[in-house]
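Comments concern the structure below.
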Amino acid sequence: MQSQESHVPASDAVAAQPETISTGLPPDAAAAFDASARIAELETQLTEAKDQFLRARAEQENQRRRAVEDLQAANKYAVQKFAAEMLPVKDSLEMALLDQSGQFDTLKHGVDLTLKQLISAFEKFQLSEINPVGEKLDPHKHQAISMIESDADANTVVNVMQKGYQIAERVLRPAMVVVAKGK
C-alpha cells in the first residue's frame with residue numbers, strides 16, 4: 001500500500017511561512033523587526049502628539065492673555081463714551097461762567113440748555129433719577145433721614161432731600177428722603 005502521507009506542494013509550504021518569505025529573516029528576527037518598526041511608529045506618533053499638545057497649550061495661553069488684555073482695556077476705557085458726552089456740558093458751564101453781560105434771563109436760559117444736555121447724556125447711558133415722592137420707602141433705593149407727621153400712610157416718602165440715581169436697574173446713589181410717621 002501506498003503511504004498516506006500527504007504531499008504538500010512547494011507553493012503551499014512557502015505560504016505557511018510568511019515571515020520568512022516577506023522579510024527574508026527567521027521568524028524571531030522578523031518579530032523583533034516588527035516590534036522595532038512599531039516602536040519607531042509609536043515614537044513618531046508620540047512626538048506628533050506632544051507637538052500638537054504644546055501648540056494647543058500655547059494657543060490657549062495666547063487666548064487667555066488676549067482676554068485679560070481686552071478686559072483691562074475695557075475697564076480702563078469704559079467711561080470714554082460717557083466722558084465724551086460730558087465734554088459739551090462742561091464747555092457750556094464754562095461759557096456761562098465767562099458771561100459778563102449781567103443778563104440774568106440769558107444766563108438762566110443757558111443753564112437750562114446745559115441741564116438739558118446733561119439729562120440727554122444721562123438718558124443715553126441709562127442713568128435715571130430716583131425721585132420717589134408719594135411712594136413707599138424702599139430701603140434698596142431710598143435712605144430715610146427723618147420722619148415727620150403727615151396725612152400720608154406710614155413709611156410713605158413725603159419729601160426728597162436729595163434725588164437718587166440708578167444705572168439701568170442698579171442703584172448708584174439712593175435718594176435721601178423724609179417719610180411719614182405712622183398715625
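The values are calculated or read from the model by the stated rules, or taken from the named source; none is laboratory data. These figures come from a predicted structure and were not determined experimentally. When we count neighbours, we look across all protein chains shown, and the Cβ atoms used for this are built from the backbone with ideal geometry, even at glycine.
Quick check: anything in segment 65-72 in a helix (DSSP H, G or I), exposed (fewer than 10 other Cβ atoms within 10 Å of the Cβ) and at pLDDT below 95? Within segment 65-72, not a single residue is in a helix (DSSP H, G or I), exposed (fewer than 10 other Cβ atoms within 10 Å of the Cβ) and at pLDDT below 95. Residues that are surrounded by fewer than 16 Cβ atoms within 10 Å (Cβ to Cβ) and either under 34 Å from the mean Cα position of the chain (by Cα) or in the same structural domain as Leu118 (by TED's automatic domain parsing) (or both) within segment 172-183 comprise Leu172, Arg173, listed in sequence order.
Residue check: Gln126 meets all listed conditions (1) exposed (fewer than 14 other Cβ atoms within 10 Å of the Cβ); (2) out of contact with any strand residue (DSSP E or B) (no Cβ under 7 Å at 6 or more places or on another chain) but one, namely (2). Do you know which residues across segment 106-133 are in contact (Cβ under 8 Å) with a residue 24 or more places away in the chain, closer than 20 Å to Asp91 by Cα and among the aliphatic types (A, V, I, L, M)? If the condition is that a residue be in contact (Cβ under 8 Å) with a residue 24 or more places away in the chain, closer than 20 Å to Asp91 by Cα and among the aliphatic types (A, V, I, L, M), then Leu118, Ala121 are the ones that fit.
Total residues in segment 137-153 satisfying the condition of being surrounded by 13 or more Cβ atoms within 10 Å (Cβ to Cβ) and either assigned by TED's automatic domain parsing to the domain that holds Ala84 or more than 11 Å from Val178 (Cα to Cα) (or both): the figure is 3. Which one is farthest from Gln143 (Cα to Cα) among residues in segment 153-183 that are touching a His at 6+ places or on another chain (Cβ under 8 Å) and small (Gly, Ala, Ser)? In this case the residue turns out to be Gly164.
Any chance segment 94-107 includes a residue that's closer than 17 Å to Val171 by Cβ and under 40 Å from the mean Cα position of the chain (by Cα)? No, that holds for no residue. Filtered by the rule that a residue be of a type in the set (Val, Ile, Thr) and either within 26 Å of Gly110 (Cα to Cα) or touching a Lys or Arg at 6+ places or on another chain (Cβ under 7 Å) (or both), segment 38-96 gives a lone residue, Val89. In the set Asp138, Asp91, only one residue is among the charged types (D, E, K, R) and part of a helix (DSSP H, G or I); that residue is Asp91. Condition check for Phe82 on (1) surrounded by 13 or more Cβ atoms within 10 Å (Cβ to Cβ); (2) without any contact (Cβ under 8 Å) to a residue 40 or more places away in the chain; (3) assigned to a helix (DSSP H, G or I): one failure, at (2). Number of residues in segment 147-171 that are on the phi > 0 side of the Ramachandran plot and either touching a residue at least 40 places away in the same chain (Cβ under 8 Å) or within 25 Å of the chain's Cα centre (by Cα) (or both): the value is 1.
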